[in-house]
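Beneath this line is the structure, given in structure tokens, with notes to follow.
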Amino acid sequence: MGGGSPASHGRAPVPLDQLPDKGRVLCQGRIESVTYVPADRTAAFSAIVSDSGALRPGSVRAGAERARLRVVWLGRRRVPGIEAGNELKLEGMLSRSEGMPTIFNPRYEILSHQENE
């Protein structure tokens, strides 16, 4: 399953710091980092997403902990358009994995691309 518009038209995204422990969610954020797995390991591509404004200079107080979400595409080594700095709208089933909120194989929409800053 690829990208495309999330099916939840008309619903407002939930801020990452207000995500429930589990259940279906619609949220939005900016990709902070991506992780590639070695070729000898099972294919999985993951990204860490944080609140949209978190990467903008001066938007987060010094020492403030920002909300993060892990997004994992199982069986994929790369997902087109999923790059650090891009802003996404995500929809899927939220769970906890290694203490972090995680969505596996989400529906997603790329909202903006990182420009050379």
Practice prompt. Report the residue count in region 73-108 for those that are surrounded by fewer than 17 Cβ atoms within 10 Å (Cβ to Cβ) and closer than 17 Å to Val25 by Cβ.
Written response: 7
Discussion item. Let me confirm something: among Ser8, Ser59, Ser46, which residue is modelled with pLDDT under 85 and open to solvent by less than 30 Å² (accessible area, probe 1.4 Å)?
Written reply: Ser8
Worksheet item: Which of the residues that make up region 15-43 are open to solvent by 50 Å² or more (accessible area, probe 1.4 Å), β-branched (Val, Ile, Thr) and either over 18 Å from Asn105 (Cα atoms) or part of a loop (DSSP other than H, G, I, E, B) (or both)?
Response: Thr42
Discussion item. Condition (residue is touching a strand residue (DSSP E or B) at 6+ places or on another chain (Cβ under 9 Å), within 19 Å of Val14 (Cβ to Cβ) and not in a loop (DSSP other than H, G, I, E, B)) applied to region 73-84: is it met by at least one residue?
Written reply: no
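The values are calculated or read from the model by the stated rules, or taken from the named source; none is laboratory data. Note that the coordinates shown come from a computational prediction; the quantities given were computed from them, not determined experimentally. Glycine also receives a Cβ, built like all others from the backbone with ideal geometry; neighbour counts cover every protein chain displayed. What goes into the accessible areas is simple: the full protein's heavy atoms, side chains included, and nothing from ligands, DNA or RNA. Shrake-Rupley method; radii C 1.70, N 1.55, O 1.52, S 1.80 Å.
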